[in-house]
1. How large is the accessible surface of GLU234 in square angstrom, using a 1.4 angstrom probe and rounding to the nearest 10?
2. With contacts defined as alpha carbon pairs under 8 Å and 6 or more residues apart, what's the relative contact order of region 17-160 in percent?
3. For a quick protection proxy, order the peptides 112-119, 226-233 by their average other-Cβ count within 10 Å, most packed first.
4. Quick check on my link table: of LYS204/LYS236; LYS38/LYS185; LYS34/LYS185; LYS34/LYS88; LYS96/LYS185; LYS114/LYS192, which ones sit more than 31 Å apart, alpha carbon to alpha carbon?
5. Using per-residue counts of other Cβ atoms within 10 Å, averaged over each peptide, order 75-81, 209-215 from highest down.
Amino acid sequence: MIQLTKEQPNTPGKVYLVGAGPGAVDLITVRGAKLLEKADIVFFDALVDPAMLELCPQAIQVAVGKRCGKISSAQQFINKRLVDAAQKYQVIVRLKGGDPMLFGRADEEIQALKAAGIEVAVVPGITAALAGAASIQQSLTLRGVSRSVAFVTLAQGTENVPDANPISLMTNPSADTLVYYMGRKDAARIAKQLIEQSTQGLSKHHAATPVQILEAVSTLRERQWTSTLAGLAEGKADDWFDSSSPALIMIGEALRNASLRNESLRSENLEGSSPEIDNGLQDRQILTNSRRRA
């Protein structure tokens, strides 16, 4: 009689694409956390907080992250590893920063798994744009001001993309509020293009439109930069950016109230003894969220 072990299942395992959320460990969903607790193997992104892996000490943990300008795992290689893992383990978690279905290459992984006859499920996560709006306590939509939001990225992998041109800027959408992911290196260029388009009547975002930039949203390292499109176009944020942290650029009139509040807070901080704002001490389940403003 042959006895099957965990690494010799009689049927392929199931792969779960799980959203890790914007950064803070306690912002993963309950469903995602429960899957981590019973996973046999976890493939995680570079932006996943190492503390989140403490939720799955029993699992084999494999880093397959991608970071701009650094050595990264090729998407085809990740796809193959997921397919191979399903032949050996029953519960496979692919842990992705934010939400798996937004700028996460989820479609390629789902299609590769389905083509191999492997069952796959998706567990959504909080994307950085929504965490950023919560952080500055300003809705991305506002009655009478903003009725549309666009999530945009200029980062474009060229794998399996015919005639891809990663250098050219994509056309900016016409939404009332724009949220750019992975736009740090193109920040000034984005602003200049929007201002130029506004003079041609092609964009509703002009030089005085508010801009909020957040880095490492929801984590202990979160920072915020507040200005206008004109300031961004002049490169005033260039030296502020931290290349080791993910940045989120939010643009639109709906953010104007947040901009005014933050200007007031900045003035208070300059008059006080410390520029640090501490929102309270929290444990592993509820993490500290200190912010520095520039």
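The values are calculated or read from the model by the stated rules, or taken from the named source; none is laboratory data. A quick note: this is a predicted structure, and the numbers were derived from the prediction, not measured. Note: ideal-geometry Cβ built from the backbone for every residue, glycine included; neighbour counts use all protein chains shown. Side chains included, ligands, DNA and RNA excluded: accessible areas come from the protein's heavy atoms. Shrake-Rupley method; radii C 1.70, N 1.55, O 1.52, S 1.80 Å.
1. Approximately 120 Å² for this residue.
2. RCO, region 17-160: 31 percent.
3. Details: 112-119: 15.1, 226-233: 21.0.
So the peptides 112-119, 226-233, ranked by packing, come out 226-233, 112-119.
4. Too far apart for the 31 Å limit: LYS38/LYS185; LYS34/LYS185; LYS114/LYS192.
5. 209-215, 75-81
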